[in-house]
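The values are calculated or read from the model by the stated rules, or taken from the named source; none is laboratory data. Not measured: the values here are computed from a predicted model. FYI the Cβ positions are ideal-geometry reconstructions off the backbone, even for glycines, and counts take in every protein chain you see.
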Amino acid sequence: MTTAPILVADCVGKRYRERWVLRSASLRAQPGELRALLGRNGVGKSTLMKIAAGLVIPDSGTVRFDGRARETTRLHRLAREGLFLLPDHDLLSAAFSIREHLHFVGRAGTPNGMDEAIETLSLGPLLDARPPELSSGERRRAEVALAWVRRPRCLLADEPLRHLAPIDGELLLGVLRSMTADGCAVIVTGNEVPSLLAAAHHVTWCTDGTTYELGPPFMARHDERFMKDFLGRGIRDS
């Protein structure tokens, strides 16, 4: 029996001035599944994620979370409802230490979630540091820890591997896969295609203002238009 998607965005369109970034794009977040949303830079992946999270209002289309229509809202309200957006920057406040961030989020999380996150993401030595004192990899680990502690039902992670060393990227993808094993629905964007194809259960391709569901990664690797237009042949056997 197939579980129904917890998040559904259908026929989404978005225009900025005279330019249509999205014309008819769709997105699904499936419990227990990591979906990779792939496409060239500028095709609207981040816009689609923000629309799915309710932070940007589409010009057309519908977004439903947990069976209910979604309108623009705030991140803390999204988190209470079980939807967590990990943006591509500026999730952490420079005014607070990592420990303070985790304690704040942990009030609504699981009892052992904070200790698990600290251990899994190797944050122990960083707890009293503030975000400006950390490397990009350390900041990203701390941001993913906030999602881990919150235990969302759906996580939208926009470019989580950007500017990360391979070892940090591997760690973060492992954490995201662990979250899906606990039933979380995860959607990830990024340009680190080999890593994302290796981690994903399902691939959605965003191009020309719309989206295509390519299925499991092995099917995406054999989609000729996807290979030619976005990846090039070299990725097939990587």
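Of 133, 138, 100, 116, all but one fail to be among the acidic types (Asp, Glu) and within 28 Å of residue 7 (Cα to Cα); the exception is 116.
Of the conditions (1) in contact with an Asp or Glu (Cβ under 9 Å, 6 or more places away or on another chain); (2) of a type in the set (A, V, I, L, M, F, W, C); (3) modelled with pLDDT of 95 or more; (4) surrounded by 21 or more Cβ atoms within 10 Å (Cβ to Cβ), residue 149 fails just one. Which one is it? The single condition residue 149 does not satisfy is (3).
Residues in region 69-124 that are within 20 Å of the chain's Cα centre (by Cα), at pLDDT 80 or above and among the hydroxyl-bearing types (Ser, Thr, Tyr): 93, 120. Selection of region 128-138 for residues being surrounded by 19 or more Cβ atoms within 10 Å (Cβ to Cβ) and of a type outside the set (Asp, Glu) yields only 131. Given the structure, is residue 204 surrounded by 20 or more Cβ atoms within 10 Å (Cβ to Cβ) and either under 14 Å from residue 34 (Cβ atoms) or of a type outside the set (Val, Ile, Thr) (or both)? Here the answer is yes, as residue 204 does meet what is asked. When restricted to residues that are loosely packed, with under 13 Cβ neighbours inside 10 Å and in a loop (DSSP other than H, G, I, E, B), region 209-228 contains 2. Do we have residue 189 as hydroxyl-bearing (Ser, Thr, Tyr), buried (at least 16 other Cβ atoms within 10 Å of the Cβ), in contact with an Asp or Glu (Cβ under 6 Å, 6 or more places away or on another chain) and at pLDDT 95 or above here? Taking the combined requirement at face value, the residue satisfies it.
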